[in-house]
1. In the range 16-39, is there at least one residue being modelled with pLDDT of 85 or more and touching a strand residue (DSSP E or B) at 6+ places or on another chain (Cβ under 9 Å)?
2. Condition (residue is part of a loop (DSSP other than H, G, I, E, B) and exposed (fewer than 10 other Cβ atoms within 10 Å of the Cβ)) applied to the range 23-38: is it met by at least one residue?
3. Could you check Gln17 against (1) open to solvent by less than 70 Å² (accessible area, probe 1.4 Å); (2) among the polar types (S, T, N, Q); (3) over 18 Å from the mean Cα position of the chain (by Cα) and say which number it fails?
4. Give the residues of the range 1-12 that are open to solvent by less than 80 Å² (accessible area, probe 1.4 Å) and of a type in the set (Ser, Thr, Tyr), sorted by residue number.
Amino acid sequence: MTQATAPNGGVTTALAQASEVGSALESDIVGQLVAKNAFLANLTVFRTSNKMLGSLLNSQG
């Protein structure tokens with residue numbers, strides 16, 4: 001997109017197709033969702049193992 005001042009005031013704008021291909025937003029979002037779900041699953045495992053270890057230590061003492 002290019003903008004220039006018009007001779008009589010105002011602005012003129014011209015649009016052109018980019019010469020480079022941009023990123024694929026849909027695949028980026030899917031990748032982010034997969035990463036988020038993997039993180040949440042790992043967090044759940046970590047929390048559960050901490051609870052189990054805490055219960056084990058409490059029952060030993």
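The values are calculated or read from the model by the stated rules, or taken from the named source; none is laboratory data. Predicted, not measured: the structure shown is a model, and the values here were computed from it. Note that we place each Cβ from the backbone using ideal geometry, even for glycine, and neighbour counts take in every protein chain shown. Ligands, DNA and RNA are excluded from the accessible area calculation, which covers all protein heavy atoms including side chains. Shrake-Rupley method; radii C 1.70, N 1.55, O 1.52, S 1.80 Å.
1. There is at least one residue in the range 16-39 that is modelled with pLDDT of 85 or more and touching a strand residue (DSSP E or B) at 6+ places or on another chain (Cβ under 9 Å).
2. yes
3. The one condition Gln17 does not meet is (1).
4. Thr12, the sole residue that qualifies.
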